[in-house]
Amino acid sequence: MESVAEIAGVSHRYGTVTALDAVSLAIPAGRMAGLIGPDGVGKSTLLALVAGVRRLQGGGLTVLGHDMTRRAERQAVAPRVAYMPQGLGRNLYPTLTVRENLEFFGRLFGQKAPERAQRIEMLLRATGLDPFPDRPAGKLSGGMKQKLSLCSALIHDPDLLILDEPTTGVDPLSRRQFWELIAAIRTHLPGMSVLVATAYMEEADRFDWLAAMDGGRVIATGSPAELRARTGAATLEAAFIRLLPGGADAAPVILPPRGDAPDATPAIEARHLTKRFDDFTAVDDVSFTIPEGEIFGFLGSNGCGKSTTMKMLTGLQDATEGETRLFGERLGAADMQSRMRIGYMSQGFSLYGELTVRQNLTLHAQLYALPAARRAPRVAEVMAEFDLAEVADQKPESLPLGIRQRLQLAVATIHEPRILILDEPTSGVDPLARDDFWRKLIVLSRERGVTIFITTHFMNEAERCDRISLMHAGRVLEMGTPAEIVSRRGAATLEEAFIACLEEQTGSAGGEAAAMVPPDPAPPAGRMRQALTRAGAYSWRETLELVRDPIRLFFALAAPVILLLTMGFGISFDVNRLSFAVNDQDRSAESRALVDEFASIRQFDRRADFASRADLDARMTRGAVTVALEIPDGFGHDLRRGTVPEVSLWIDGAMPFRAETARGYAAGVLQTFAARLAREEGRGTASPVTVETRFLYNQAFLSANAMVPSIIMLILMLVPAIMAAVSVVREKESGTIANFRSTPVGRAEFLVGKQLPYAVIAWGSFWVLFLLARLLFEVPFSGDLGALAAISAVYVVATTGFGQFISSFTATQVTAVFATAIITIIPTINFSGLIVPVSSLAPAARMLGRAFPGAWYQPVSVGSFVKGFGWAELWPAGLMMLGFCAAYLALSVLALRKQEA
């Protein structure tokens, strides 16, 4: 096989944006092949298509001899391909340790425990990660994360290794170590093909074959030497610039000398800056002085303290020790006036995508408090200065990355600051746009005297700075002009000087992969065993992540208990201890007997008497009295004369259900009082029929006996569904969904594996809720506990399955939580029998309620507690919930995409 991948006329679009335009390419097998070009030219899209994680829209594509348009062939090639997505550690799980991440990936490829252990030990030794097997991935440096990501990709000896910009944002030493590691691995796996996308031309120079891309098209192919020869350029970057439209006429970037002003006040002074976070020292005694108008490059290894230093220089953080001075004035975190002199540009795009270019500039002119008369002219000035006039009414998301970066620089300078602080401003930008960006910086520095403090990992950019500093582990190791540092280190280039400086501090000199001897693969297990292993891998990993996330774990365990306590005590249809007040104007024996009749039952709680209607109105307004009895003067006299007296009964009707119940209680008391008087005076007549009401279930007639089992139904619908909904969509947001899409894991395996921990926790919650119902709320239980427990287990599988179904087609955790909560709460409360019996609902409402498992579990829960239900009564509901489990899994499988669009 001469080609590892053959691409024929492949086009790909995202809405109206064309990412790939009829690309045809044959990528050679057994070679180190690279795609070079800036962000947004289609490199990542092409790699994702080759890896099978993105769906092919048009054209033909074969990988390792398999047609990627066919699902069966994609499944067959998946175990032979490894895909490392763009971003530092994007395919890793931050809370899992180094070893646990590798364990997970080994399980995804069906490896048995002995083989996994051998491979993990071999990879850790080869990459130099063996001292850190128990360190969480989230606490690794950028270079170490990329090494671990590479280990994860190599766990199964792939035939094709796909790396999407694996060293973007990584310092030069870590970059060099990474590529030395790749080279060493290839000597032990000579048949492995490697396909890489990169924006660093110096590292692309070591590849065997390159495809240069621009605007979604391939503009040239060949070895680095062939591309240089074709363009007559001395370097690969210069060759790429000449291949770009208009690149042949591009002028070099020239930094004019800066005039010295020895008596001028320095723009920035850092005096013994130290920043500690608990026991960790992020910045350790850093000092430097930057004169006005200087371009100062701030270089360093990943995690060395550059960002923390920049925050102290901008006033975003106070130093633990030391101080920052801007133009001689001390800067503090609350010093807003000094911070107005600073313009800051972050590495990532931080403007408002929903606003146009002009609106972004106008907004920031207002935020920086430019006078109203000055705003429009200043916006026009920066649009002209940064060549933004033609795109003034476009939104940033539709612009190329180079123009977006110019917009960010324009925003940072809208208030004409005297200091600019730029955090890797050209990362991912093509060489032409980078040069243009630097020309703007040089104009700001040399013509306007703006002091520029910039971080970068591009060594050719660092060479354009007046001075640079090299930082590692919180300390500045070197400072001076680029030429001075190269001379002091005796190096040929600034990159070599930087690497030598870091190696001197770390004691690392590469060559770590010499121990790479892959073990012989074990015989493959059966398909069912492999499927169970993969599903088990996701269950194991999900359990570890859940246990190590205190917020999610607290919600999963405590939320059901909190909800039962609040709703069990807060929702009750029992109307007891109604506040009751009297105005007895008669004060006769008969009136006192009537008052005693009211006070003798537990439903009425007598309060202080009221003296007037105004007093009653005031107390009812405050809610201090619910029922009031006013007995007029002459009440007893009228009774003794045999006439029917009148009394006034006042009831607070703000809550109709409670008021109606109170009226019924009062009417019953009055009827009982009248009947007793009639019997005592011999005027009563015995009724030939006596009606005695008896309740077949819930003889105590307590609403808690019905409400608590119903609330258990609601809680086991809501909380497990939300937890399961978050589980899938978190993978989409973090980017680890790429592991599902690029490995042999099936959709059902993925879903069942992630669902299982939440179903187990939810079933455990059922037992906790059951015990609270029995012991705290004292709800009697007369049913079959085994039947209730078994059907409850099926119920929580259904409810977690519903949450996963919602998560399968939503894109963010917020959307998933809101959608799950709304869709579960409304039908579960209104149409499940919780408030109104299902038999009393209209046909449409009854059908809507029956479409959710809550309406089937509610009679199971209430019936088991109150009515003594067993298997004979419960098995039809159990079968229906099994149907819900299957239906939700099937819908989730259909909604979850194995490939991105």
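The values are calculated or read from the model by the stated rules, or taken from the named source; none is laboratory data. Small disclaimer: the values here were computed from a predicted structure and weren't measured. Here the Cβ is made from the backbone with ideal geometry for all residues, glycine too, and neighbour counts use every protein chain on show. Each accessible area value is taken on the protein alone, full model and side chains, heavy atoms only, with ligands, DNA and RNA left out. Shrake-Rupley method; radii C 1.70, N 1.55, O 1.52, S 1.80 Å.
Here is a check on your reading of the model: is Gln899 in contact (Cβ under 8 Å) with a residue 40 or more places away in the chain, under 23 Å from Ala721 (Cβ atoms) and under 38 Å from the mean Cα position of the chain (by Cα)? Criteria not met by Gln899. Restricting attention to region 350-366, does a residue exist that is without any contact (Cβ under 8 Å) to a residue 40 or more places away in the chain, open to solvent by 70 Å² or more (accessible area, probe 1.4 Å), out of contact with any strand residue (DSSP E or B) (no Cβ under 6 Å at 6 or more places or on another chain) and of a type in the set (A, V, I, L, M)? No, the conditions are met nowhere in region 350-366. Of all residues in region 678-730, those that are out of contact with any Lys or Arg (no Cβ under 8 Å at 6 or more places or on another chain), modelled with pLDDT of 75 or more and under 30 Å from Val768 (Cα atoms) total 21. Per the conditions (1) in a loop (DSSP other than H, G, I, E, B); (2) over 30 Å from Val53 (Cβ atoms), the sole criterion not satisfied by Lys898 is (2).
Given the condition open to solvent by less than 60 Å² (accessible area, probe 1.4 Å), in contact (Cβ under 8 Å) with a residue 24 or more places away in the chain and in a strand (DSSP E or B), answer yes or no: does some residue in region 254-269 qualify? Within region 254-269 (the criterion being open to solvent by less than 60 Å² (accessible area, probe 1.4 Å), in contact (Cβ under 8 Å) with a residue 24 or more places away in the chain and in a strand (DSSP E or B)), the answer is yes, since at least one residue qualifies. Selection of region 114-135 for residues being open to solvent by less than 40 Å² (accessible area, probe 1.4 Å) and not β-branched (Val, Ile, Thr) yields Glu115, Arg116, Arg119, Met122, Leu123, Leu124, Ala126, Gly128, Leu129, Pro133. Output yes when any residue across region 213-229 is surrounded by fewer than 19 Cβ atoms within 10 Å (Cβ to Cβ) and closer than 18 Å to Asp159 by Cβ, and no when none is. For region 213-229, residues surrounded by fewer than 19 Cβ atoms within 10 Å (Cβ to Cβ) and closer than 18 Å to Asp159 by Cβ: absent.
Can you tell me which residue within region 295-341, out of those that are open to solvent by 10 Å² or more (accessible area, probe 1.4 Å) and β-branched (Val, Ile, Thr), is modelled with the lowest pLDDT? Applying the filter and picking the extreme gives Thr314.
Here Leu355, Leu407, Leu370 are screened, and the one residue that is on the phi < 0 side of the Ramachandran plot, touching a helix residue (DSSP H, G or I) at 6+ places or on another chain (Cβ under 7 Å) and not in a loop (DSSP other than H, G, I, E, B) is Leu407. Does Ile185 fit the bill of being outside any strand (DSSP E or B), within 18 Å of Pro38 (Cα to Cα) and among the aliphatic types (A, V, I, L, M)? The answer is no for Ile185.
You will find that of Ala798, Ala793, Ala787, Ala821, the residue that is free of Cβ contacts under 8 Å to residues at least 40 places away in the same chain and either crowded, with 24+ Cβ neighbours inside 10 Å or within 24 Å of Met880 (Cβ to Cβ) (or both) is Ala793 and no other.
The helices (runs of 4 or more DSSP H) falling completely within region 585-647 that include 2 or more residues that are more than 59 Å from the chain's Cα centre (by Cα) map to 589-599, 635-641. Candidates are the residues of region 506-538 that are surrounded by 15 or more Cβ atoms within 10 Å (Cβ to Cβ) and more than 30 Å from Arg741 (Cα to Cα); the one that is modelled with the highest pLDDT is Ser508. Here Thr69 meets the list (1) buried (at least 20 other Cβ atoms within 10 Å of the Cβ); (2) assigned to a loop (DSSP other than H, G, I, E, B); (3) without any contact (Cβ under 8 Å) to a residue 40 or more places away in the chain almost entirely, failing just condition (1). When Asp609, Asp633, Asp586, Asp596 are checked against the criterion of being open to solvent by less than 50 Å² (accessible area, probe 1.4 Å) and not aliphatic (A, V, I, L, M), a single residue qualifies: Asp586.
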